[in-house]
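Quick notes on the structure that follows.
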Amino acid sequence: VLQNLSQTPVLRELLKEAKMPGTTVKIESPELFMEPQLIKLDQPGPLTLAMHQFVTEMQETKKGVVTPKELFAQVCKKAIRFKGYQQQDSHELLRYLLDGMRSEE
């Protein structure tokens with residue numbers, strides 16, 4: 001799930017812009033044939049910042065392994081069910097991660 005999210009161009013751009021609060025971002029998606037969306041960004045929360053850090057590491061690092069420790073810690077704060085390293089479905093992680101980032105808007 002995290003590898004797929006790190007390869008999502010629109011998400012990468014939004015996370016890059018999220019570092020600068022008060023910025024208005026124009027999202028265009030020619031593949032989806034949608035009208036461009038204008039979104040004003042506020043100060044990012046800890047989960048969004050951790051996601052930005054993780055995506056940046058995935059894109060820019062030359063090392064072979066990237067560990068999402070901080071991102072996982074932030075997910076666990078939003079969804080306690082992930083504490084303890086029990087097996088969870090990837091769609092649950094995706095849902096809690098995106099819902100958590102959205103709640104920080």
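Can you pull out every residue in segment 65-99 that is outside any loop (DSSP other than H, G, I, E, B), open to solvent by 50 Å² or more (accessible area, probe 1.4 Å) and not charged (D, E, K, R)? F72, I80, S90, H91, L94, Y96, L98, listed by residue number. Counting the residues of segment 58-70 that are closer than 20 Å to K16 by Cβ and either in contact with a His (Cβ under 7 Å, 6 or more places away or on another chain) or modelled with pLDDT under 80 (or both) gives 2. Taken together, the criteria place A73 among residues that are at pLDDT 80 or above, under 19 Å from Q3 (Cα atoms) and more than 11 Å from the chain's Cα centre (by Cα). Contact map, segment 39-51: first residue polar (S, T, N, Q), second residue open to solvent by less than 20 Å² (accessible area, probe 1.4 Å), Cβ cut-off under 8 Å, separation 6 or more or different chains; pairs are T48/L15; T48/A18. Looking for something at pLDDT below 85, in contact with a Lys or Arg (Cβ under 7 Å, 6 or more places away or on another chain) and either open to solvent by 100 Å² or more (accessible area, probe 1.4 Å) or assigned to a helix (DSSP H, G or I) (or both) - is there at least one such residue anywhere in segment 24-42? Checked segment 24-42: at least one residue is at pLDDT below 85, in contact with a Lys or Arg (Cβ under 7 Å, 6 or more places away or on another chain) and either open to solvent by 100 Å² or more (accessible area, probe 1.4 Å) or assigned to a helix (DSSP H, G or I) (or both).
The values are calculated or read from the model by the stated rules, or taken from the named source; none is laboratory data. Worth saying up front: this structure is predicted, and the values here are computed from it rather than measured. Backbone-built Cβ (ideal geometry, glycine too); neighbour counts: all protein chains shown. Side chains are part of the model used for accessible areas, which takes the heavy atoms of the whole protein and leaves out ligands, DNA and RNA. Shrake-Rupley method; radii C 1.70, N 1.55, O 1.52, S 1.80 Å.
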